[in-house]
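Notes follow once the structure below has been shown.
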Amino acid sequence: MRASSITGNTIPAGEPGRNCALCSRLKAYREENRQAEPSWHNAPVPSFGGKNARLLIVGLAPGVRGANRTGRPFTGDYAGDLLYATLKEYGFAQGNYAADPKDGLELADCRITNAVRCVPPQNKPLPIEMTACRPFLQTTMTEMKNLQAIVALGRIAHESTLRSLGAKLSAFPFVHGAVHEIDEGARKLKLFDSYHCSRYNTNTGVLTPDMFRAVFANVRTMII
Ligand code: URA
């Protein structure tokens, strides 16, 4: 643990500090958002859920009015409505999801993180930002000693997950509904691919709630 120079709070080792400066563009955007909306979280968004979970969900990056505002992944935007409803249906979350980190919702044997911890302009992180943030994703995965399955939401999260695991991208192409077996040597992981549960993907019919449910139904057959 190390102390944050701003808040005095402790930041776990391997986590970005509130004022992480690894990405100049994301830092500048964060500062703009802090000026415009001082009551918002406006900082890297930590993972949600316990380290002992067997399932990890990897999203892309915080939404500006969602996780960047509330400080909890997928909390406060459309993507979260679909994700948390689906997790509850398959027993990976319990309680009431009210789009607020104080809603008391708890994840069950599940943890949620993002490939990029800071909100990017237009929801589009640059490749250099994916690379800069990857050590935090690696830490998230290595500290999960019971990890068995990962759900990657979208191709970018899928690729960042593979890179974090040191797996070859060409050996594991992104296909919605696919399940890849990744052999890390010391452990074997199953990587489940899903289209991202964004409003855009659901509005355009790329991902229907039933398609999303089918991914988690499949995960559930593995994590029993
Ligand atoms: N909110 C997140 O935290 N991550 C996403 O990928 C989308 C919305």
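Quick check on V215: is it within 16 Å of the ligand (Cβ to nearest atom), under 15 Å from G154 (Cα atoms), among the aliphatic types (A, V, I, L, M) and part of a helix (DSSP H, G or I)?
yes
Where helices (runs of 4 or more DSSP H) sit wholly within segment 49-147, those with at least 1 residues that are in contact with a strand residue (DSSP E or B) (Cβ under 6 Å, 6 or more places away or on another chain) and either within 13 Å of the ligand (Cβ to nearest atom) or of a type outside the set (K, R) (or both) occupy 78-89, 127-142.
If you go through segment 191-203 and pick out every residue that is surrounded by 19 or more Cβ atoms within 10 Å (Cβ to Cβ) and either in a loop (DSSP other than H, G, I, E, B) or within 18 Å of the chain's Cα centre (by Cα) (or both), you end up with 9. Applying a threshold of 9 Å to beta carbon distances and a minimum spacing of six or more residues, or different chains, the list of pairs starting in segment 96-115 at a residue that is farther than 14 Å from G59 by Cβ and ending at one that is at pLDDT below 95 and more than 15 Å from the ligand (Cβ to nearest atom) reads D109/I223.
Residue-wise test of (1) open to solvent by 30 Å² or more (accessible area, probe 1.4 Å); (2) over 21 Å from Y84 (Cβ atoms); (3) not small (G, A, S).
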{"position": "P127", "(1), (2), (3)": "yes, yes, yes"}
{"position": "E143", "(1), (2), (3)": "yes, yes, yes"}
{"position": "V151", "(1), (2), (3)": "no, no, yes"}
{"position": "R155", "(1), (2), (3)": "yes, yes, yes"}
{"position": "R163", "(1), (2), (3)": "yes, yes, yes"}
{"position": "L189", "(1), (2), (3)": "no, yes, yes"}
{"position": "G205", "(1), (2), (3)": "yes, yes, no"}
{"position": "P209", "(1), (2), (3)": "yes, no, yes"}
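F92 meets the stated requirement of being in contact with a Lys or Arg (Cβ under 9 Å, 6 or more places away or on another chain), more than 26 Å from C20 (Cβ to Cβ) and crowded, with 22+ Cβ neighbours inside 10 Å. Here V175 clears all of (1) touching a strand residue (DSSP E or B) at 6+ places or on another chain (Cβ under 7 Å); (2) open to solvent by less than 50 Å² (accessible area, probe 1.4 Å); (3) of a type in the set (V, I, T); (4) in a loop (DSSP other than H, G, I, E, B) except the condition numbered (2). Here the condition is being within 14 Å of the ligand (Cβ to nearest atom) and out of contact with any Asp or Glu (no Cβ under 7 Å at 6 or more places or on another chain); of H196, H158, it holds for H196 alone. With the condition kept exactly as written, say whether any residue in segment 180-188 is in contact (Cβ under 8 Å) with a residue 12 or more places away in the chain and either in a helix (DSSP H, G or I) or within 18 Å of the chain's Cα centre (by Cα) (or both). Scanning segment 180-188, I find no residue that is in contact (Cβ under 8 Å) with a residue 12 or more places away in the chain and either in a helix (DSSP H, G or I) or within 18 Å of the chain's Cα centre (by Cα) (or both), so the answer is no.
The values are calculated or read from the model by the stated rules, or taken from the named source; none is laboratory data. Keep in mind that what you see is a predicted model, and the values were worked out from it rather than measured. As a convention, Cβ positions derive from the backbone with ideal geometry for all residues, glycine included, and neighbour counts pool all protein chains shown. Please note that ligands, DNA and RNA were not included when accessible areas were found on the heavy atoms of the full protein model with its side chains. Shrake-Rupley method; radii C 1.70, N 1.55, O 1.52, S 1.80 Å.
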